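Every number in this text was worked out from the coordinates using simple rules, so none of it is lab data. What you see is a predicted model, and the numbers here were worked out from it, not measured in a lab. All Cβ positions, even for glycine, are placed from backbone atoms using ideal geometry, and neighbour counts span all protein chains on display.
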Amino acid sequence: MKHPHLKLLLLSVFLLQAGQGQSASADEQVTHNLSEARKLAREFNARLRAKLHLALAEEGPLGAIKICATHAPGIAERLQEQHITVKRTSERLRNAENAPDIWEQRILEFFEQERVAGADPANLEHYAQFIDEQGTVFRYARAIPTGAECLMCHGDNLAPDIAAELESRYPEDKAKGYKAGDIRGMVSISIREPN
């Protein structure tokens, strides 16, 4: 999408010209998609957090690394439907397959600006709706704050066995050096409504 802002502007103009009934219908669709995206983000985070806590209790941080590597993509996949995608992304990637697209990169930068200005990362979210040649797409992002337990694998002072395991799995790992309260990344959800 070369000019996403232009397409969003065209969507706004179209909705204004379409009349009150069309505008109300579009507003209802955005409200519905926002509710669905929030629910999916909460469910993804809750499922992953539960698996991580269990792995930490049973196997320690090495078990948590395995969960992030193997279960997080599976949780995202199970929450997806034909027209919905769910993923995690970050500016500082551990797994290059999770690289942000242009929209996600902009939102990650926006979230970081908000955090620096004093916003609580746990409350940061953003959404937008676009029209492209394939139909309408609703995009949603929710920040992932760095909690104290995250620092075992994402902090500055990693235990030697954790550092070795991460190096072996992710030789290009950039997801270290975080402090509690930093934004580690975000959950990104797309809901596509075909033409």
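Quick one: net charge of R38's neighbours, Cβ under 12 Å, K/R +1, D/E -1?
Cβ neighbours under 12 Å give a net charge of 0.
Counting Lys and Arg as +1 and Asp and Glu as -1, each charge on the Cβ, what is the dipole of segment 79-161 about the Cα centre in debye, to the nearest 20?
60 debye
Order of E59, E112 from fewest to most other C-beta atoms within 10 Å?
Fewest-to-most ranking of E59, E112: E59, E112.
What does the charge count around S188 come to, taking other residues whose C-beta lies under 10 Å from its C-beta (Lys +1, Arg +1, Asp -1, Glu -1)?
Summing Lys and Arg as +1 and Asp and Glu as -1 gives +2.
Most exposed first by the Cβ proxy, i.e. fewest other Cβ within 10 Å, how do I191, I84, I75 rank?
Ranking I191, I84, I75 by Cβ neighbours within 10 Å, fewest first, gives I84, I75, I191.
If we count other beta carbons within 10 Å of each Cβ, what is the order of V30, V116, V137, V86, fewest first?
Numbers: V30 14, V116 9, V137 20, V86 23.
So the ranking, lowest neighbour count to highest, is V116, V30, V137, V86.
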